[in-house]
Every structure is written in structure tokens, then in C-alpha cells.
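Q: Please see the structure below; I have some questions.
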Amino acid sequence: MLKNPSFAQRCLRQVALPLCSPLLALGSGLLTPGLANTMGEVIPGSQPLFPSVSQPGRPAPPGPQVYPLDGYRLTVGDIVYVTVANVPDYSGTFQVLPDGSLNLPVLGRVEAWGQTLPEVEQAIAQAYAAAEILVEPRITVSLSQLSPLRVVVIGEVTRPGVYALAPEQGRLPTVAIALDAAGGITQRTDLRSIEVRRVSADNQREETLTVSLWDLLTQGDRNQDIALRDGDTIVVPQADPSIPNARALASSTFSTGAIQVNIVGEIAQPGVMEVPPDTSVSEALLLAGSFTRRSRRVDVQLLRLNLDGTVTQRSLPVDFASAINDETNPLLQDRDVILVGRNWSAALGDSIGTVLQPLSGASSLLNLFLPFLLLR
């Protein structure tokens, strides 16, 4: 509810702003954020997602909420819709400014950076009440549009650096998406102990979260691929070479029963198949049917998840007459992936510069091993 405004406040709302704002805009060439928002507009580069008023006397509906909202903390560039109950002139779409604030009608600057939506609602309500502009204000803040998150990726990735990751379909970027943007992992990456370092909610200390994309790939634990926040630093460690590799497990007495392998690419019957644990690469290719006319028959790529948290990729020659050996025709292990590439004519016809790009992107990696998770 509006409190009885002073004479100066009535002049500001009813006379001064409507008359002076256009003159200020012409004189400076740019409206200040406060004036622009008061006039029902947003700062340059951020157009309203919805009109300021849909019906006389009623505020416009808020923009579409973005998933996930729980615990999300606002950052510079985010767009929110502020609804002030029974005061449509104060409601509208606002953007978090470079100084981390929202510039609201009559009230002015309210801190928003690093706060959740309920915290911003409380801050706005307290500010309106403290300034004696509104009595018992009821404020609702909804998220209309997310700005790109700025994160740092360092360690065992192809291209360490700073990246701006835009949300896709309302979902926040995750660790896997950040690794993909950084060119993907190396063959020395330890997927089991990736660190995400971020500033705490009170901005007083640094928190470190440890995630395991290894558990995501091997157990289907999607909680490991956590959503990122603005300013996060992702540290990708190198695997400990002292940890035994998967070959030791494969040769042990625990390696019994059928194993699952995924054969993808230019092969007659691609997909996940169950084979005996003593099946070689050549035998698996024969079980998947013949090569297609587009197949590269010189070599194939073998991808493997190792027990030390790394992923290795090997190029193996295709020789169906070769005996089982570790160099050219190794035994397969559970969750191995065999990639059959395109020959030069197929690649040329598809306007692709190379026959088979090396595995680099984290998203590509997850897609190759995802069928194993779906079959569990």
C-alpha cells in the first residue's frame, strides 16, 4: 500500500520525470538506469521480455521461471521480474547492473548480486518500508533470463582458460559442459576428483566441491555433474599413476560373465552388445556385421574407462587374421567403446576435413558411454 507521499514525491512521479526524462535523454544520449526503469524500460542491451503493463491497473505476468531456481544466486546481467502487489507502476522487468544492484522505481539502488530470489524479495521489501514509500510491501521476484556464467577451467584439459557459458533451455551449465568448452579432457585426466572452487554465499570464504564424472559414467550418478555458478573455478587433476589400471581387474577372477561393449560409427549393426569376457576387438567387429561402404577399414578407435579415473583412446589396425595381442587386437573390457570411422571419400562427401576427430569434448565422451547407463 502506498503511504501518503510528500509534495516532493508527488512532483517527482507526476511532473518532473515525465517532462525532464526525455530532455535528459536528448542531452546525454543515454538514459540512466534509474530513469529508464522508472519509464517502463530497461537499460540498453536488455529489452523487456514482457510489456510493463498487460491490463490497466495490473502488472504484467512474470517471465518464464528458469530451471533450476533452488539456491540460484543472481549475477550481473540476469533479468528479473519484480512484482509489487497493488502497485503496478513499481512492477516491471529489471536487469542486475554491473555494480550488482537493481535500480527500482522511486526506491533506487538495491543490492542483488550473489543473493537468491527470496533474499532479494526481502531486501526490496525492507528498503521500500525503511524509505517510507510503501507500508507492508509484498514483493515477488521471478527470474526471466539468465546471463552467461563466467568460469575458469584449469588443469588436465585441452584449452585451459576463462569461459562464458550460456544457459541452454533454461538449464545452468554443468561441469561436463565446462570441460567441453575447454576442448575436453586429456588422457591423463582423473575424472574421479574434479574440484569446483567457489565463493561462499556470505562472500567470506572459498568452498571446494569434489565431483566424480567417473561415477556418472560408470554408475549413472547424474548428481556428480553439478550446476555451475558465476565465478566458479574448475580444477581438473592429473591421475595418480600408482593406481592399478583396468587390465589388472580384467585378468582377475572377478572378471566373469558377459561384458557390454558399444560399437558406433560405420558398421552394419552399431550399438551395445553383450559378449564373453575373452572377446577381442576383431571378434566384436565381426559380431557387429560387416563394414559399410563408408567405413574406414584401415583402423578403428578403442575408448576405455580406466580404474584410475582416466579415459584412453587407441588407434588399432583392422586385421581379422591377427591373433589376440595387446598391441593390435586386445581383449575387450566391460564398457569399452569401438569407433569405426569414415573413409576418405565419405568424409569428403560430408564436407568433413578429417576421417575421425580425436575424442576431446566432454559431451561427446558422455554420449559414447551413456548407453551403458541406460541399460542398467
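Q: Where residues in segment 153-197 are open to solvent by 20 Å² or more (accessible area, probe 1.4 Å), among the small types (G, A, S) and touching a residue at least 40 places away in the same chain (Cβ under 8 Å), which of them is farthest from T312 (Cα to Cα)?
A: G170
Q: Are there any helices (runs of 4 or more DSSP H) wholly within segment 265-376 with 1 or more residues that are modelled with pLDDT under 80 and open to solvent by less than 60 Å² (accessible area, probe 1.4 Å), and if so which?
A: Result: 344-349, 362-374.
Q: So which residues in segment 198-225 are among the charged types (D, E, K, R) and either over 16 Å from A178 (Cα atoms) or open to solvent by 80 Å² or more (accessible area, probe 1.4 Å) (or both)?
A: Residues satisfying the conditions are D202, R205, E206, E207, D215, D221, R222.
Q: Got at least one residue in segment 284-297 being touching a helix residue (DSSP H, G or I) at 6+ places or on another chain (Cβ under 9 Å) and of a type in the set (A, V, I, L, M, F, W, C)?
A: yes
Q: While we're here: Anything in segment 191-228 that is modelled with pLDDT under 90, hydrophobic (A, V, I, L, M, F, W, C) and within 21 Å of G100 (Cα to Cα)? List them, or say none.
A: Answer for segment 191-228, where residues must be modelled with pLDDT under 90, hydrophobic (A, V, I, L, M, F, W, C) and within 21 Å of G100 (Cα to Cα): V199, A201.
The values are calculated or read from the model by the stated rules, or taken from the named source; none is laboratory data. Predicted model, so just to flag it, every value in this text is computed and none were measured. Don't worry about glycine lacking a Cβ; one is built from the backbone with ideal geometry, like all the others, and counts go over all protein chains shown. We work out accessible area using only protein heavy atoms, side chains counted, and drop any ligands, DNA or RNA first. Shrake-Rupley method; radii C 1.70, N 1.55, O 1.52, S 1.80 Å.
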